[in-house]
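Here's the structure we're looking at; comments come further down.
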Amino acid sequence: MRNLNLTVSLIFCLVLSSCTMSSGNPATIPPTKPATSVSQSTIQPTATVAPTATVAPTNTPTPTSMPGEIATGDQLGLGAEFVALSKDDLSQKVPALLLPAAGFEENPDNPFQVKWSQYPVKASFAFANSDNTKFVYGYIVDLPELKDQSAFDASFIGEFFAKMRLTTYPPDVSKIKDITVGEKSVGVTAKYKIENTIWRLNVVVFRIGSVGAFTFTLFVEDAGSPVEIGKLAQLYADKITQSIAP
């Protein structure tokens, strides 16, 4: 009986051991790591490069000189001794008694005085030598309407010689022959005695379309003319024509 109990106990222990070995410990499986969710705020957007705008080059107009402007004396055939001045500065160098006849001012006491200022000056030039014995100057005025051009022709070309005869002293005025500048023109020359010095004034007035122009040479007669007045007027007319050409 004792042996039977031992046998039964042994069989029980064997069965129990077999069961334990067959079942074993369950394998440890690491938990699956859930996929990380990427927050929308952490995503950096791809920079979009805007196309570079093509800027059209700006066309800068080539500057043109204003009709009537003369920068240097050599443009008018003057020598190196002539210095450019403003018309107002030149008027300070001209003998005071010659200012009305030479186009710088008007004499209100003379009803025949040339009305130099009836048209505003648009542009001018003026040159003088070092000892102020030779002056070369001129200017232009605008004549936009046909009526202005007709009035200019009548006053400064048709009647100019007669007016100069009535305003000069002594009455030694004559027309300059063969002056044909622009569409209409006239030339006048006169002598003036100022403090025992003889001055010569030459004037050519002309018109090119809607531009009226005046050219002057004023000089001590013994010093000689700085430039022939007809040549001066034609050079000035050429410069004006070039400036206003389309």
Greater than 18 Å apart at Cα, pairs in Lys122/Lys191; Lys177/Lys231; Lys134/Lys239; Lys87/Lys122: Lys122/Lys191; Lys134/Lys239
Burial ranking of peptide ranges 116-123, 212-219 (average Cβ count within 10 Å, highest at the top): 212-219, 116-123
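Using the 10 angstrom Cβ neighbour count as an exposure proxy, how do Ile140, Ile208, Ile194 rank, fewest first? Working shown, then result.
Working: Ile140 25, Ile208 21, Ile194 14.
Lowest count first: Ile194, Ile208, Ile140.
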Ranked Leu146, Leu201, Leu235, Leu166, criterion: other C-beta atoms within 10 Å, fewest first: Leu146, Leu166, Leu235, Leu201
Which of Asp148, Asp74, Asp153 has the fewest Cβ neighbours within 10 Å, and the rest in rising order: Asp74, Asp148, Asp153
Rounded to whole Hz, the Karplus (6.51, -1.76, 1.60) HN-Hα couplings of the stretch 94-108, x for glycine and proline: 6, x, 4, 5, 9, 4, x, 6, 8, x, 9, 7, 10, 9, x
Relative contact order (percent, whole number), the stretch 73-244, Cα cutoff 8 Å, 6+ residue spacing: 21 percent
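Where a number appears in this text, it was derived from the coordinates with a stated rule and is not lab data. From a predicted model like this one, the values you see are computed outputs, not experimental measurements. We place every Cβ from the backbone using ideal geometry, glycine too, and count neighbours over all the protein chains shown.
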